[in-house]
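Reviewing the structure listed below.
The values are calculated or read from the model by the stated rules, or taken from the named source; none is laboratory data. Note that this is a predicted model, so its numbers are computed, not measured. As a convention, Cβ positions derive from the backbone with ideal geometry for all residues, glycine included, and neighbour counts pool all protein chains shown. The accessibility values were calculated without ligands, DNA or RNA, using every heavy atom of the protein model including side chains. Shrake-Rupley method; radii C 1.70, N 1.55, O 1.52, S 1.80 Å.
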Amino acid sequence: MQSQTNLNWGIAAAGRITQDFVTALGTVEKSRHVVVAVADVDGQRAQEFAQRNQIPRHYDGFDALALDREVDVVYVGTLNPFHYAVVHLMLARGKNVLCETPMCLGLEQAKELYSLAEQRGVFLMEGMWSRFFPSYERLRELLNNDVVGEVTQVKIQHGFRLAQMERVCNRSLGGSILMDIGIYALQLGQFVFGVSPVKILPSGTQLNKDRVDVQGEFMLDYGDGRRLLALVTGLENLENDAVITGTKGEIKPYFVNLPAVELLVLYSSEPH
C-alpha cells in the first residue's frame, strides 16, 4: 500500500485565532497535517509565531507565502476586511484555501472568490467549525431519521460579552455581532432546512456609536410554515442554546457554537 503524503499548511496571519488553529492541528491523532510556513504583515510577529510553533519558514507579507511551492493549502485568519484580498491572492496562485469566518464582508466578493476557485481548480471553504462537531453528525442523523417529524421552527439565543472587542465594535475592522457570532445561528437554519430563506425579518437591532450592530433579533421565513427565530448579542452572556421543533417533538442542542455539545430529544407527541 502506498503511504499517504502530508498535507502542508501555510498560515496567513500570526494572531490568536491562527494560533488556535495550529494548536488544534497538533491534537489530531495520526495527523498528516503539517504547518510548513507562516506569514504576517508584521515580519517580526511571523518570526515569533514560527519559533513558538516550530514552523520552518516565516514570511514578511503574504505574497511570499503564496509563492511557496511546498504549501498545499492556506488557512487565512486575518482580520475580516482583509479576507477577500488574501484569499484572492492565494487562489490566484493556485493554493487551496480555508478561510476564517466570515469569508467576505459582501456577497459579490464571496461570489468572485468561489468563481476564481472554480476557474483555478482549487478548494475553497469558509471555516464553519461547528459543522464538524460530533453533535452535528448526531443532529443530521436525527433529522434524516424523521425522529421529530417535519421541522417547523428553530429558536436560538446566542450571546457573549463581546461588544467592546475591537473586531466586533470597530467598523473599520469589519465589526458586526451578526458576522462575528450571528453566522452560527444563520448556518443552523441552513443546516436544518437545507434551503435559503424566502424572507428575512430583522427586529430589535442595537447599534453602537460607530453604527455597528452589537445586538440583533431576526426571523428567517423558509416558507411552508418553517421559520428560524434568533437573538444574537454581544452585550451579555446568554444560555447559547437552540430548540428545534418538529411535528413529533423537539431537539435541544445546547451551546451550538461550542464543541462540548449534548443533544437531548424530547418526544412531545409520541411515546418513547
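Quick rundown of the values:
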read-out: Of (1) 163; (2) 265; (3) 140, the label for volume of the Cα convex hull per residue in Å³ derived from the coordinates; value: (1)
read-out: Over 27 Å between alpha carbons, listed pairs 30/155; 95/155; 199/252; value: 30/155; 95/155
read-out: Amide H within-cut-off set for residue 122, under 5 Å, with H built and near neighbours excluded; value: none
read-out: Normalised per residue, the volume of the convex hull around the Cα set of segment 1-52 (Å³); value: 72
read-out: Amide hydrogen neighbours beyond the local backbone of residue 159, cut-off 5 Å, H modeled; value: 233, 238, 240
read-out: Student exercise, segment 1-77 dipole from Lys, Arg, Asp, Glu Cβ charges, in Debye to nearest 20; value: 240
read-out: Dimensionless Rg ratio for segment 1-116, taking C-alpha atoms and the 2.2 N^0.38 Å reference; value: 1.04
read-out: Residue 249 long-range amide H proximity, modeled H, under 5 Å; value: 268
read-out: Highest-fluctuation residue, 235, 107, 98 considered, GNM on the chain with Cα pairs under 10 Å; value: 107
read-out: Segment 108-216: chymotrypsin sites (Phe, Trp or Tyr not before Pro) falling in loop per DSSP and having at most 15 other Cβ within 10 Å; value: 123
read-out: Under the Debye formula (equal points on every Cα, no solvent term), log10 I(q)/I(0) of segment 154-242 at q = 0.18 Å⁻¹; value: -0.73
read-out: Estimated inter-spin distance, residue 45 and residue 112, nm [label 7 Å along Cα→Cβ]; value: 2.4
read-out: Computed label-point distance, nm, for sites residue 247 and residue 211 using a 7 Å Cα→Cβ extension; value: 4.6
read-out: Whole-Hz ³J(HN,Hα) from phi, Karplus 6.51 cos²θ - 1.76 cosθ + 1.60, for segment 146-154, glycine and proline x; value: 6, 4, 10, x, 6, 6, 10, 8, 10
read-out: For residue 221, solvent-accessible area (1.4 Å; no DNA, RNA or ligand), Å²; value: 40
read-out: Sites excluded, trypsin sites (Lys or Arg not before Pro) in DSSP loops with at most 12 other C-beta within 10 Å, longest stretch of the chain; value: 70-160
